[in-house]
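These notes concern the structure reproduced below.
The values are calculated or read from the model by the stated rules, or taken from the named source; none is laboratory data. None of these values were measured; they are calculated from a predicted model. Positions of Cβ are generated from backbone atoms using ideal geometry, with glycine treated the same way; all protein chains shown enter the neighbour counts. In case anyone asks, the SASA skips ligands and DNA or RNA and just uses the protein heavy atoms, side chains included. Shrake-Rupley method; radii C 1.70, N 1.55, O 1.52, S 1.80 Å.
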Amino acid sequence: MDLFDGRRRRLLQLAGVSPAIALMGPACAQQSGGSGMNAEGQPMPARVRLPSAPQEKGRSDSVGVAIVGLGGFALNQMMPSFARAGRAHIAGLVSGNAEKAKRVGDAYGVPEDARYSYETFDQIASDERIEAVYIVLPNGLHADWTEKAFAAGKHVLCEKPMALSSEECERMMAAARAADRKLMVAYRCHFEPYNLKAMALMDDEAVGAIRLIRTEQHYVMGPTSPRENWRANRALAGRGPLEDYGIYGLQSALYLSNEMPHTIQAYTQQPDNDPRFEDIVASVQTQMQFPSGAVAQLSTSYDTQGANRVMVQGRAGTLEMDPATSYEGIQMSLRRGRSVEALNPGDTGTQFAAQLDHLADAIRDNVDLRTPGAMGLRDLRLIEAIYAAAETGAPVGLLPDGRLKPGNG
Ligand code: NAD
């Protein structure tokens, strides 16, 4: 069942790339610019459980994927989930840590000659076992490594946020077009049964006209500094928790309201004398106003007790999800009048494999991507608008595609 229906498609089209961007060709793709940061090998993350036997390939038309960056999310969530994907398998690894690549490669049955380093990455161009590349590096490296993957002729699944700026997203999209390859953003909630059900409920107007959406994505970052932790490092992470965790709240507000905001107000907080927040802000509070009159209040923080909630309140009811976007254990209830219904639409754990199979379906059958580069670009435009609003302290007006209206600030 594809819940990415006409209304959602229109929302994406509304926020899509302009014809001017579509005309950018290979010349644009070659302007790497670069983040100034390099991909570098890191130690094996703590508490990783490697498989005791190599994974099976699945269907004969399964798409071979190379994993770029063997960090916590790749090793603990995505790589184990390939076992549940019918049409995608791990065909290669790219890592700057040879010892880690050996342990992981051996455990997953990745042939030794399909284990690449960041220096030898370009050689995957001639490796026909690898058709797609999954970029799961720190955010500030997404754009450059996506461009390298397209230069090698591979399709790309890129982790969220797609990049650190809308300009980088446009470069990535131009590179995809030049290579005639797919560019998908790993927005896993578009493949997660509870979030899909929530989208369907909103399409059915289960809460009536939406008046208020509230999202909270918080946790307390442990003691660290920009040198120790890429998430605290502006060049690698972006400006704060919004790009990392708050992006789930932003996404929820968009796919549940089915609208683009026309006005944004925002506030950021960056405490003094806290090494965690030397480079980045600690929290971002945003208010978005939609053409229907609905308002979304988004809160995200690296310095507030853990929370991952989404609430949609309409004239006729309230939908609550808590936790709302986690790897497992999502809970959802629908309140209408005095009745409260707990909803259990499926297994949250299927989201990772479903996302991989969707990429494979797009490559093999040319199905439309539910989470294309245009969606990542839209979100980066909104993130830029949020920070612009926070900087001016005044509301900023937006064009329907998420760019700032001329004359703002
Ligand atoms: P992590 O720190 O655990 O892993 C990052 C990995 O990138 C490292 O282990 C290393 O292999 C590689 N790397 C290459 N160059 C590096 C450098 N200069 N500094 C640090 N690491 C470098 O991070 P993570 O939590 O796995 O996040 C990686 C990406 O995945 C991020 O873009 C993040 O937003 C995304 N992510 C997505 C989800 C999700 O639910 N979709 C969850 C967590 C992380």
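Phi angles across the range 356-369 convert, under the Karplus curve 6.51 cos²θ - 1.76 cosθ + 1.60 with θ = phi - 60°, into 3J(HN,Hα) values of 5, 5, 5, 4, 5, 5, 5, 6, 7, 10, 6, 5, 5, 5 Hz, Gly and Pro given as x. Charge tally for H262 (other residues, Cβ to Cβ under 15 Å; Lys, Arg +1; Asp, Glu -1): +2. Taking DSSP loops as anything outside H, G, I, E and B, show the longest stretch in the chain free of trypsin sites (Lys or Arg not before Pro) there with at most 12 other beta carbons within 10 Å. With trypsin sites (Lys or Arg not before Pro) excluded where exposed in loops, the chain gives 50-226 as its longest stretch.
Before I look further, what does the chain give for accessible area per residue, probe 1.4 Å, in whole square angstrom?
42 Å²
Among the GluC sites (Glu not before Pro) in the range 313-388, those located in a DSSP loop and surrounded by at most 16 other Cβ atoms within 10 Å of their own Cβ are E328. Sequentially through the range 115-132, phi angles give Karplus couplings (6.51, -1.76, 1.60; θ = phi - 60°) of 10, 10, 9, 5, 6, 9, 3, 4, 5, 5, 3, 9, 9, 6, 5, 9, 9, 9 Hz, Gly and Pro residues having no value and appearing as x.
Please work out the FRET efficiency for the pair N38 and D272, using the Cβ-Cβ distance as r and a Förster radius of 41 Å; give the result to the nearest 0.05.
Efficiency, from the Cβ-Cβ distance: 0.85.
Among K100/K160; K57/K100; K102/K197, which pairs are too far apart, with a Cα-Cα distance over 30 Å? Too far apart for the 30 Å limit: K102/K197.
Okay, helix-only estimate at 222 nm for the chain: each DSSP H run of n ≥ 4 adds -39500 (n - 2.57), divide by all residues, round to 500 deg cm²/dmol; what do you get?
So the calculated ellipticity at 222 nm is -8500 deg cm²/dmol.
Annotation: amide H-H contacts under 5 Å for V367 (H modelled 1.01 Å from N, sequence separation of 5 or more, or interchain): A362. Just to confirm my numbers, what's the Cα centroid distance between the range 162-196 and the range 53-111 in Å? Result: 21 Å between the Cα centres. Residues in the range 376-392 carry Karplus couplings, in order, of x, 5, 3, 5, 5, 4, 5, 4, 5, 5, 5, 5, 5, 5, 5, 5, 7 Hz; the curve used is 6.51 cos²θ - 1.76 cosθ + 1.60 with θ = phi - 60°, and Gly or Pro positions show x.
Scanning residues 5 or more positions from T263 or on other chains, those with amide H under 5 Å from its amide H are Q289, L398, with H placed 1.01 Å from N in the peptide plane.
For Y116, the residues whose modelled amide H falls within less than 5 Å of its own, excluding neighbours fewer than 5 places apart on the same chain, are L93, V94, S95.
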